[in-house]
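The values are calculated or read from the model by the stated rules, or taken from the named source; none is laboratory data. What you see is a predicted model; the values in this text were computed from it and never measured. Methodologically, a virtual Cβ is constructed for each residue, glycine included, from the backbone with ideal geometry; neighbour enumeration extends over all protein chains shown. To get the accessible areas, we keep the full protein, side chains included, count just its heavy atoms, and leave off ligands, DNA and RNA. Shrake-Rupley method; radii C 1.70, N 1.55, O 1.52, S 1.80 Å.
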Amino acid sequence: MVVVGYHAHVAAINNRNQAVGWRNDLEYPYAILWDDTVEVTLLGEKALAINDSSDVLAAGDARSHATLEKGDGSVIFLEETIPGLDKYAPNSGLSDINDSRQFIGTRDIAGEIRPFLWEAGTVYGVEADEPGWEITTVQKINDHGQILGTAEQASSGRSGPVLLTPTPGNS
């Protein structure tokens, strides 16, 4: 696969050699899927993640919506289904998707940025399992549902990486 053209940004690749990202060669950025030598324009501003089923997470902006574009061609407009996922909130957005079609991101809840996990149409908050710690960001989710993020301890000001492993019944 060769990505050609100016102002192309690649964000992720799957095991089918499909890559996603965006271009800035028009007035606004637009989401792209590269598959072999074919370039497909997607909905959204920036394609951020892709799984092995060709499901793509794309961020929204003032002109477009955050979307989950499924490999079968169907689209879910995420701002309509995830409370607090707001294209106008600077720290609200999408991070990653796995092959089980679980995805993670952050959303604005009453002025606080909170990480979330989306699974089969249900949104779950991502919480620390240690008292006094707060999950501040989520970056990656693997096919086992484990989430890589950052936690912060308000009392000490310490922060660092954290690997969260879901337990059955506590998504």
Flagged pairs (Cβ under 6 angstrom, 6 or more apart or on separate chains; first in segment 102-115, without any contact (Cβ under 8 Å) to a residue 40 or more places away in the chain and farther than 15 Å from GLY145 by Cα; second of a type in the set (A, V, I, L, M, F, W, C) and outside any strand (DSSP E or B)) are ARG107/LEU85; ASP108/ALA89
Kindly indicate whether THR137 is of a type in the set (S, T, N, Q) and open to solvent by less than 60 Å² (accessible area, probe 1.4 Å). yes
Cβ pairs under 9 Å, 6+ apart or interchain, first in segment 143-163 and buried (at least 17 other Cβ atoms within 10 Å of the Cβ), second of a type in the set (Phe, Trp, Tyr), ordered by first then second residue, are ALA151/TRP133; GLU152/TRP133; VAL162/TRP133
The residue from ASP36, ASP25 that alone is in contact with a Gly (Cβ under 8 Å, 6 or more places away or on another chain), surrounded by fewer than 14 Cβ atoms within 10 Å (Cβ to Cβ) and either modelled with pLDDT of 80 or more or farther than 20 Å from LYS140 by Cβ (or both) is ASP25
Could you count how many residues in segment 74-121 are open to solvent by 60 Å² or more (accessible area, probe 1.4 Å) and modelled with pLDDT under 90? 13
Go through (1) over 14 Å from PHE103 (Cβ atoms); (2) at pLDDT below 85; (3) open to solvent by less than 40 Å² (accessible area, probe 1.4 Å) and name the single condition GLY44 misses. (1)
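Sort out which residues of segment 61-73 are in contact (Cβ under 8 Å) with a residue 12 or more places away in the chain and surrounded by fewer than 20 Cβ atoms within 10 Å (Cβ to Cβ), and write them in order of number. Please lay out each step first, then the result.
Step one: of segment 61-73, the residues in contact (Cβ under 8 Å) with a residue 12 or more places away in the chain are 61-71.
Those that are in contact (Cβ under 8 Å) with a residue 12 or more places away in the chain and surrounded by fewer than 20 Cβ atoms within 10 Å (Cβ to Cβ): ASP61, ALA62, ARG63, HIS65, LYS70, GLY71.
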Give me the residue from segment 1-22 that is part of a loop (DSSP other than H, G, I, E, B) and modelled with pLDDT of 90 or more and, out of that set, least open to solvent (accessible area, probe 1.4 Å). ASN14
Here the qualifying pairs (Cβ atoms under 8 Å; residues six or more apart or on different chains; first in segment 39-60 and in contact (Cβ under 8 Å) with a residue 60 or more places away in the chain; second among the basic types (Lys, Arg) and assigned to a loop (DSSP other than H, G, I, E, B)) come out as none
Exactly one of these conditions fails for GLN139: (1) closer than 23 Å to LYS46 by Cβ; (2) free of Cβ contacts under 8 Å to residues at least 12 places away in the same chain. Give me its number. (2)
